[in-house]
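The values are calculated or read from the model by the stated rules, or taken from the named source; none is laboratory data. These figures come from a predicted structure and were not determined experimentally. Heads up, the Cβs are rebuilt from the backbone with ideal geometry, glycines too, and the neighbour counts pull from every protein chain shown. When the accessible area is computed, the model is the full protein with side chains, heavy atoms only, and any ligands, DNA or RNA have been set aside. Shrake-Rupley method; radii C 1.70, N 1.55, O 1.52, S 1.80 Å.
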Amino acid sequence: MSRLLLNVMNVKPGFDPNNLLTFSVSFSPNLYADPPKMLAEHRELLDRIRALPGVESASVVNVLPLTGDYAIHGIGAVGKPLNRDAGAESRLTDPQYFETMHIPVIAGRALREDDSRKVAVINRKMADLLWPGENPIGREFTDNGNPPKRVIGVIDNVHSGALETEPLMQYYSSFVAFPGYANSFAIRTKTDPLSLLPAIEKIIWRLDPDLAISDAKTMEHIIQSATLERRFESDLLLGFSASALFLSALGLFGVASLSVSRRSREFGVRMALGATGADVLGLDIVRNMAIVVAGLVFGLFLSFAAHRALSALLFGVSARSLNVYLAAVAVLTISAMTAVLIPAMRAARMDPAIVLRDE
């Protein structure tokens, strides 16, 4: 589970989450009946935020990354048989979105202010699935039976849902035609993102007192929230494992100590007949480590038997990973050696004359 959490945290989300402030704005219901006025308010708000000291860039989108798989449309490549199971996430955004999120354009170009709703930027997965081995630039696709969109650029895959799941197909269109759907803002800053939140709130309320801001958080916080369940599972199992390891070592120490106490006369006789402290030490360690080896063999057998149940919980690591088993055996062996070594060393330092006299 520790390997799992490490693998999840090392997944690249497809963008740079550092110094990125996100929030949502609830626009006045009256604006939804007047799209041109709402578009003008969007642009005015973005221009004022971009003018703030410490702001590198600002953008708007209908759905932020890592907040869930939403707005999935059925798509198909023009001129090819329609795959009814093919679905892609529709993203509406302004031209600076890729710059703000630090999402590289790997082919073609990004959106521009003069682009119509008939063009789109797609992600790598969509390009590979719709046009495998072909250049997607200039190709067309349909979404939910709407007029075709022409591909003008390709970006890398971006995770919308959990980091351990495969990114879906995505296409990005200009929000100009549907400004009412885009109300999530992403602000790239040069300083601490949250330090600019009060100034941004003032700008929003000065522009329109009816506007309401919500869900203000950094993108790093969103990533932490996206991995919360995995971190909780790992921390919980780590706590149980550490407790089990401690209790096992304590129990083994008690058994080893009792064994030394009961065999003290035997050790005294052996040392009186010429056995050295090292001989006694080795004899006691071998006897107790035989118990440890038996426990390891039994534990490994149970682990292999339970690997199917564990497989459903894992990501990026096999339930039969040799490295994980070797690490587990090493930790158990070291803790067991520590538990049996202390009583064994006490046995090796016995004075045979005192032991035999007391007996």
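Residue by residue, here is whether (1) modelled with pLDDT of 90 or more; (2) in contact with a helix residue (DSSP H, G or I) (Cβ under 8 Å, 6 or more places away or on another chain); (3) not in a helix (DSSP H, G or I) holds:
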{"residue": "LYS12", "(1), (2), (3)": "no, no, yes"}
{"residue": "PHE15", "(1), (2), (3)": "yes, yes, yes"}
{"residue": "THR22", "(1), (2), (3)": "yes, yes, yes"}
{"residue": "LEU31", "(1), (2), (3)": "no, yes, no"}
{"residue": "ARG43", "(1), (2), (3)": "yes, no, no"}
{"residue": "ARG48", "(1), (2), (3)": "yes, yes, no"}
{"residue": "PRO65", "(1), (2), (3)": "yes, yes, yes"}
{"residue": "ASP69", "(1), (2), (3)": "no, no, yes"}
{"residue": "HIS73", "(1), (2), (3)": "no, no, yes"}
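Take the residues of segment 210-245 that are over 25 Å from the mean Cα position of the chain (by Cα) and closer than 27 Å to ASN19 by Cα: which is surrounded by the fewest Cβ atoms within 10 Å (Cβ to Cβ)? Full working, then the answer.
If we filter segment 210-245 for residues that are over 25 Å from the mean Cα position of the chain (by Cα), which is where we start, we get 210-213, 243-245.
Then drop every residue that is not closer than 27 Å to ASN19 by Cα, which leaves 211-213.
On the way: LEU211: 19, ALA212: 13, ILE213: 15.
Of everything passing the filter in segment 210-245, ALA212 is surrounded by the fewest Cβ atoms within 10 Å (Cβ to Cβ).
Here are LEU31, LEU5, LEU46, LEU39: which of them is under 30 Å from PHE240 (Cα atoms) and surrounded by 15 or more Cβ atoms within 10 Å (Cβ to Cβ)?
Only one candidate passes the filter, namely LEU5.
Per-residue answers, yes or no, for (1) surrounded by 12 or more Cβ atoms within 10 Å (Cβ to Cβ); (2) modelled with pLDDT of 75 or more; (3) within 30 Å of GLU233 (Cβ to Cβ):
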residue: ASP284; (1), (2), (3): yes, no, no
residue: ALA290; (1), (2), (3): no, yes, no
residue: LEU300; (1), (2), (3): yes, yes, yes
residue: ALA306; (1), (2), (3): no, no, yes
residue: LEU310; (1), (2), (3): yes, no, yes
residue: LEU313; (1), (2), (3): yes, no, yes
residue: SER321; (1), (2), (3): yes, no, yes
residue: ALA328; (1), (2), (3): yes, yes, yes
residue: LEU332; (1), (2), (3): yes, yes, yes
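Taking only segment 179-188 into account, find how many residues are of a type in the set (Phe, Trp, Tyr) and open to solvent by 40 Å² or more (accessible area, probe 1.4 Å).
Step one: list which residues in segment 179-188 are of a type in the set (Phe, Trp, Tyr), which gives 181, 185.
Filter once more, keeping what is open to solvent by 40 Å² or more (accessible area, probe 1.4 Å): 181.
Total meeting the criteria: 1.
SER195 is checked against (1) under 22 Å from LYS37 (Cβ atoms); (2) touching a residue at least 40 places away in the same chain (Cβ under 8 Å); (3) out of contact with any Asp or Glu (no Cβ under 8 Å at 6 or more places or on another chain) and fails just one. What number does that condition carry?
Result: SER195 passes all but (1).
One residue is enough: does segment 189-203 have a residue meeting the conditions surrounded by 15 or more Cβ atoms within 10 Å (Cβ to Cβ), closer than 16 Å to MET101 by Cβ and out of contact with any Ser or Thr (no Cβ under 6 Å at 6 or more places or on another chain)?
yes
Determine which single condition LYS217 fails, assuming it passes every other condition in (1) within 30 Å of SER2 (Cβ to Cβ); (2) modelled with pLDDT of 85 or more; (3) not in a strand (DSSP E or B).
Going through (1) within 30 Å of SER2 (Cβ to Cβ); (2) modelled with pLDDT of 85 or more; (3) not in a strand (DSSP E or B) one by one, LYS217 breaks only (3).
If I ask for residues that are in a loop (DSSP other than H, G, I, E, B) and open to solvent by 60 Å² or more (accessible area, probe 1.4 Å), which ones from segment 138-178 would you list?
ARG139, ASN144, GLY145, ASN146, PRO147, THR165, GLU166, PHE178
Considering only residues that are of a type in the set (Val, Ile, Thr) and under 25 Å from the mean Cα position of the chain (by Cα), which ones fall in segment 166-190? Step through it out loud before you land on a result.
Kept after step one, since they are of a type in the set (Val, Ile, Thr), are these residues of segment 166-190: 176, 187, 189.
Answer for segment 166-190, where residues must be of a type in the set (Val, Ile, Thr) and under 25 Å from the mean Cα position of the chain (by Cα): ILE187, THR189.
Does ASN123 fit the bill of being crowded, with 19+ Cβ neighbours inside 10 Å, touching a helix residue (DSSP H, G or I) at 6+ places or on another chain (Cβ under 7 Å), touching a residue at least 40 places away in the same chain (Cβ under 8 Å) and not aliphatic (A, V, I, L, M)?
Against the criterion (crowded, with 19+ Cβ neighbours inside 10 Å, touching a helix residue (DSSP H, G or I) at 6+ places or on another chain (Cβ under 7 Å), touching a residue at least 40 places away in the same chain (Cβ under 8 Å) and not aliphatic (A, V, I, L, M)), ASN123 does not qualify.
Does segment 83-137 hold any residues that are farther than 14 Å from VAL176 by Cβ, of a type in the set (S, T, N, Q) and in a loop (DSSP other than H, G, I, E, B), and which are they?
Selection gives ASN83, ASN135.
Only residues that are crowded, with 16+ Cβ neighbours inside 10 Å, at pLDDT below 75 and under 15 Å from MET345 (Cβ atoms): list them for segment 246-274, please.
Selection gives SER259, VAL260, ARG263, SER264, PHE267, MET271.
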